[in-house]
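Working notes for the structure below.
The values are calculated or read from the model by the stated rules, or taken from the named source; none is laboratory data. Nothing here was measured: the structure is a model prediction, and the numbers come from that model. Reconstructed Cβ throughout: ideal geometry from the backbone, glycine too, with neighbour counts over all protein chains shown.
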Amino acid sequence: MGIRSFAADLLPTALLQPARDRAAANPAQRVEANDFAALTAKLTYLSKAELKLVREAYKFADEAHLGQFRAGGQPYITHPIAVAGLVADWKLDVQAVMAALMHDAMEDCGVTKPELIQHFGAPTAELVDGLTKLDKLHFSTREESQAESFRKMLLAMARDVRVILVKLADRLHNMRTLAAMAPEKRGRIARETLDIYAPIAHRLGLNQIYRELQDLSFAQLYPWRHGALHKALEKARGTRRDIVDRVQGDVEKAFSAAKLKVQVFGREKTVYSIFKKMREKHQPFASVNDLFGFRVVVPQISDCYVALGVLHQLYKPVPGRFKDYIAIPKANGYQSLHTTLVSPLGTAVEFQIRTEPMHAVAESGIAAHWMYKTKGSNGNGGDAQRLGATVLKSLIDIQDDTRDAAEFLEHVKIDLYPEAVYVFTPRSQILSLPRGATPVDFAYAIHSDVGDHCVAASVNGEAVALRTELKSGDVVAITTAPGARPNPAWLNFVRTGRARAKIRHHLKTMEHEESRALGERLLAQSLRSEGLLMPSADPSDETATQIWQHLTRWSGNRNRSELMVDIGVGRKIASIVAKRLAHLVAERGSDRPDAVTLSMRHFGTEADAVPQGHIVIDGSEAASIQLAACCHPIPGDEIVGYLGRGEGLTVHSAECSAAKRLFERDNERWLPVEWAEQPVRPFDAVVNVLVQNGKGVLARVAAAVSATETDITHIDMGSERATETTELKLTLAVRDRQHLADALRTLRRAPAVLRVARVKG
C-alpha cells in the first residue's frame, strides 16, 4: 500500500518506534496535526461514532501518503485534510468527509477498491473510485485521458452527487495552492478549471466556489490583467465608499420606516466578472458602474415583493433590468428578485432580494440541502441528489449519446453556459436554454424523438426558421413528421450540447446502418462471381455461424455486422473477402459453387446480370452513398461508383475528369452502378448562365427556370465587380437529364441570356 506498511512488514516495531518519535517532533508533522485538529473542530455536527470513522480514514490516508510531498514542500496529507475541511463547511455526511480524506489514495498510492471496501464499506469506496482518474489506462493524448476521466466522474456523479462536491472542493484547494506548480501546468489546470469546473459549480448553484474558481483561474491565465484590474478595484473601493455607505443608510431607513425586518449586505463584483463585462461590452473600467451591489434578506417570500416596492419608491429603477427568479427559478434552484436602481449620485446599483433559505441555496447551491434543513427535509442529502440529477441531466444525456472522448468534452463545454433564456411550451411549461438557443435546441430539450422528427417551428404563433434565436418569454411550438430525420446542417446553429450530441448520434447510427446494408450488397455481388450465395446469418445455423466466426477473426472484426460496415465504407475490399469466404466454405464442404449462378454471372443476358451486378441509385441514399460534388450526376447520365477508403461509395459521372484520374490511380475500387427507374427525389445540377446586365435580369432568369417546374437551390454570382455582362452559377433541382435539357432550352430563349452551359466537372 504505502511506504509505512511496506517497512512495517520488514522491520521490527522496536526499530520503527524512534523514527515515529522523530516524526512527531518534525515541524511538518506538527502542521499536519494542527490541520487535522482544525478539521475535527468543524465536524461537531457528526456523532462520536462517525468522528471515530473520520479518524480511521485520516490514519489510513496518512499512512498511504507517507513520504509524499506537495510541490510547495508540505506533506501531501495536508491537501486531503484541506479538502475534507471544505466538505465539512457544507456539513456533508461522514462518507463524503472520509472520501475527501482518501480521494487520492487509489490514484497516487496504489490502494485498491476492494481494500477500501474492506476497511470503510462500499459507499465510501464508490465515492473514492468516482474521484479517481483513469491514469492506469493508456490513452493516445492527454486530452483523451482528461475526457475519459471526466466521463467516469460524471457517471459516478449521476449515481451520487457528493462525487462532484468533493471534486470541486479538491479543485478549489488545488487552485488556491497552484503557485508552486510549473507555469505550463498552472496554465493547463487554470484553463480546465475555467472551462469545465467553474461552470459546473455555477450549474450546481455553488456561487461562492464559482466566483473564486473564476478569479483564481483568471489570475493564472492573465496575471497582468488581473493585477491591473485588482488595483483599479481597490482604488474604486476607496473613492466609492461614501456612495456605498450612503445607499446602505438610505435603504435601512426606508425599511425601518416600512416596519419590515430585513438584513442588508454589501456585495462587490469579482475581478473576473468585471473583466468579462469589459470584454463583452467593449467598455473601459471607468465605464463599469455597477461595481457594487446589495443583498436584502427577508423573513418570508411575500416580503420579497414588499421589499421590492420599498426600493422602487426609494430610487428609480432602470427599465428592463428587473428579473423575477422566484416565480421562474433558475435550473440550479436559484431564487431571488433582481432589480437595478439609480443611486442619488447617478450610479447603477443592483439589489438582490431573497429569503434566508433562498440565500443559502444562492451561495451554496445543492450543498445547502445539507447545510440548511428545510421543512420536510431530513438533511441527508436526498433533496440535493434529486436536484443534482435534474441540473446535470443534459450532461448525462450527452455521455449516453457520445462515444468519442474528445467529442464528448466538446459537447460538455458547449452545454456549460452560465447565461440562459426562459421559454415556454404551448402548455406553459418553462424550459431553460442557453442564450442563442434555437427551436431545434428547444425540440431536443423536450424529447429526443421530437428533435429527430422536427420539420418546422412557430414562436408566439408565427412560423419561424429553425435557426431563429429564441428570447426569454417566447412561446415555442414544434411541428413533427413521422418520416423526418435530423439535418446535418443543424449542427451549424444548435447551441446545446444535448442537441448536438443527439444529432451526431442519429447521423452516425444512420450512416452505420446504411454502410452495413451497402456492405451486404457488395459482398453478395462478389460472392455471386464465385458462384456462391451469402451464408445464413441465423445463429441457429451452426455451420454458417462457424464460417462467419472464422471470417471475422481473419478480417480483424468483432462481428459480422462490423465486417459489413467496413466493406460498405471501403475499408475492406468485397472481392477479397468473398474469396476468403469461398475458401472457408470449400474447407468445410458445406456448399459448392452453383453452376447456374456462375453461368448467369458470366454468360447470362444483360437483363439477367443487372439486378445481380449493379448497385441501384434512387436518391434515398444518405451517408453511405454520395453523389460527387465535382460533377453532380443526375438520372440519365452514365455513372460509375468509387468505393473510397473509409468514405463509402461515391457516384461520379462517367465523363467526370476527377473520376478518370481516380480510375487511373485506383481502378480496383470502381463498381458498376445504375439509376433506378423511378428516383424518389430531385437531383442537383450546376449550370453557368452568362447574362447581359440590366434592371430585373435576375428576376427574368428565375421566371424562366420556374416555368419549367425547376427549383433554384443556390445562386453564386462571384465576387467580381459587375460589368456589362455577369456570369451566374445556378444550382437547379431537376428530375433527370431530360428535365435539365428543358430548363436549359427555356433559359436560352430568355431575354438578356447570352450563354447557358452545364458544369460537368
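Summary of values
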quantity	calculated
Hey, Gly473 within 30 Å of Tyr325 (Cα to Cα) and either aromatic (Phe, Trp, Tyr) or part of a loop (DSSP other than H, G, I, E, B) (or both) or not	yes
Wholly enclosed helices (runs of 4 or more DSSP H) of region 64-131 bearing at least 1 residues without any contact (Cβ under 8 Å) to a residue 24 or more places away in the chain and buried (at least 24 other Cβ atoms within 10 Å of the Cβ)	113-120, 122-130
Filter pass, Glu727 being acidic (Asp, Glu) and either in the same structural domain as Pro633 (by TED's automatic domain parsing) or surrounded by 14 or more Cβ atoms within 10 Å (Cβ to Cβ) (or both)	yes
Helices (runs of 4 or more DSSP H) lying entirely in region 232-320 (those with 2 or more residues that are at pLDDT 80 or above and within 21 Å of Met358 (Cβ to Cβ))	241-257, 301-314
Val271 vs. criteria closer than 28 Å to Lys316 by Cα, surrounded by 14 or more Cβ atoms within 10 Å (Cβ to Cβ) and touching a His at 6+ places or on another chain (Cβ under 8 Å)	yes
The lone exception for Leu341 - which of (1) surrounded by 15 or more Cβ atoms within 10 Å (Cβ to Cβ); (2) of a type outside the set (Phe, Trp, Tyr); (3) out of contact with any Pro (no Cβ under 9 Å at 6 or more places or on another chain); (4) modelled with pLDDT of 80 or more it fails	(3)
Residue selected from region 462-496 under the condition of a type in the set (Gly, Ala, Ser) and over 17 Å from Tyr422 (Cα atoms), by the criterion surrounded by the fewest Cβ atoms within 10 Å (Cβ to Cβ)	Gly483
Evaluation of Glu32 against (1) modelled with pLDDT of 85 or more; (2) crowded, with 20+ Cβ neighbours inside 10 Å (one fails), failing number	(1)
Odd one out for Asp135 among (1) among the acidic types (Asp, Glu); (2) part of a helix (DSSP H, G or I); (3) within 30 Å of Ile77 (Cβ to Cβ); (4) at pLDDT below 85	(2)
Test: residue in region 737-748 that is out of contact with any Leu (no Cβ under 7 Å at 6 or more places or on another chain), loosely packed, with under 13 Cβ neighbours inside 10 Å, modelled with pLDDT under 85 and not aliphatic (A, V, I, L, M)	no
Number of the condition not met by Glu513 [criteria: (1) more than 15 Å from Val565 (Cα to Cα); (2) without any contact (Cβ under 8 Å) to a residue 24 or more places away in the chain]	(1)
Residues being surrounded by fewer than 11 Cβ atoms within 10 Å (Cβ to Cβ) and within 45 Å of the chain's Cα centre (by Cα) - total across region 674-712	5
In region 662-677, the residues that are free of Cβ contacts under 8 Å to residues at least 24 places away in the same chain and either of a type in the set (Val, Ile, Thr) or more than 18 Å from Gln626 (Cβ to Cβ) (or both)	Glu664, Arg665, Asn667, Glu677
Arg267 vs. criteria in contact with a Gly (Cβ under 8 Å, 6 or more places away or on another chain) and in the same structural domain as Ser302 (by TED's automatic domain parsing)	yes
Residue within region 449-462 that is closer than 25 Å to Gly333 by Cα and part of a strand (DSSP E or B) present	no
Residue count for region 672-714, restricted to those that are touching a Leu at 6+ places or on another chain (Cβ under 6 Å) and either of a type in the set (Val, Ile, Thr) or closer than 30 Å to Ser575 by Cβ (or both)	4
Matching residues in region 439-461 - criterion: being under 19 Å from the mean Cα position of the chain (by Cα) and crowded, with 24+ Cβ neighbours inside 10 Å	Pro439, Val440, Asp441, Phe442, Ala443, Tyr444, Gly451
Residue among Val697, Val616 that alone is assigned by TED's automatic domain parsing to the domain that holds Thr746 and in contact (Cβ under 8 Å) with a residue 40 or more places away in the chain	Val697
